[in-house]
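Everything below concerns the one structure shown next.
The values are calculated or read from the model by the stated rules, or taken from the named source; none is laboratory data. Quantities reported herein were computed from a predicted structural model and do not represent experimental measurements. Ideal geometry is used to build each Cβ from the backbone, glycine not excepted, and the neighbour counts take in all protein chains shown.
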Amino acid sequence: MSEQYKEGMLFLHEQLVAIINQMTIPLIEVSLVISKYTKTLSSRLIENAANYGELIPAILLAPQPLEDIGKEQAVQVQTSDGEEVVNVSMPNPIAQMDPSLLISRTDIDRMDILDTVIRTAINSKELPLINSLHVLRDWEHLVRIQLAKTKTPGQLFSPLEIPDGY
């Protein structure tokens, strides 16, 4: 990979960190914008690859797997004989909510700003689709991990937590 593309990928990543931290963008809003871009870039890549008879690496066509999230989410229940049993039948309040209600509470302007930052970073550095998608798949993984750990609707509207040094 050329130095120009590496710099472009780093620039896109830095722009995402800066805008998400500066605007304290909620998890749900980052998720929606990243999802839009991963779907768009994936479909464009597939279309271009088909036109030229090329293959796209499978690692870029699907989200990265979430390892061991289910185990962390499971609720441990202590039985009378001291055994621990995993209880996965706990209802998820988020799953019971109307998605349109959640979407209606998002800030469209803030999402448009994030969208613009991503598009501008990709276009200004003339970053190829495959490199852009690679960066956004990493962000998608971070977002999906945090989404999997949410237990209440309020957590969806908490700012995305970006690990130190990310």
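For every residue, the table says whether it meets (1) modelled with pLDDT under 95; (2) among the hydrophobic types (A, V, I, L, M, F, W, C); (3) surrounded by fewer than 20 Cβ atoms within 10 Å (Cβ to Cβ).
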position	(1), (2), (3)
Leu10	no, yes, yes
His13	no, no, yes
Val17	no, yes, yes
Asn21	no, no, yes
Ile25	no, yes, no
Val30	no, yes, no
Lys36	no, no, yes
Ser43	no, no, yes
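Counted as qualifying within segment 99-166 are the helices (runs of 4 or more DSSP H) with 2 or more residues that are surrounded by 14 or more Cβ atoms within 10 Å (Cβ to Cβ) and charged (D, E, K, R), namely 108-124, 129-149. Within segment 114-143, the only residue that satisfies the criterion of being out of contact with any helix residue (DSSP H, G or I) (no Cβ under 6 Å at 6 or more places or on another chain), over 23 Å from Ile46 (Cα atoms) and not hydroxyl-bearing (Ser, Thr, Tyr) is Leu142. Scanning segment 19-40 for residues that are more than 14 Å from the chain's Cα centre (by Cα) and in contact (Cβ under 8 Å) with a residue 40 or more places away in the chain gives Ile19, Asn21, Met23, Thr24.
Reported count of residues in segment 130-155, each being among the hydrophobic types (A, V, I, L, M, F, W, C) and within 12 Å of Leu12 (Cβ to Cβ), is 4.
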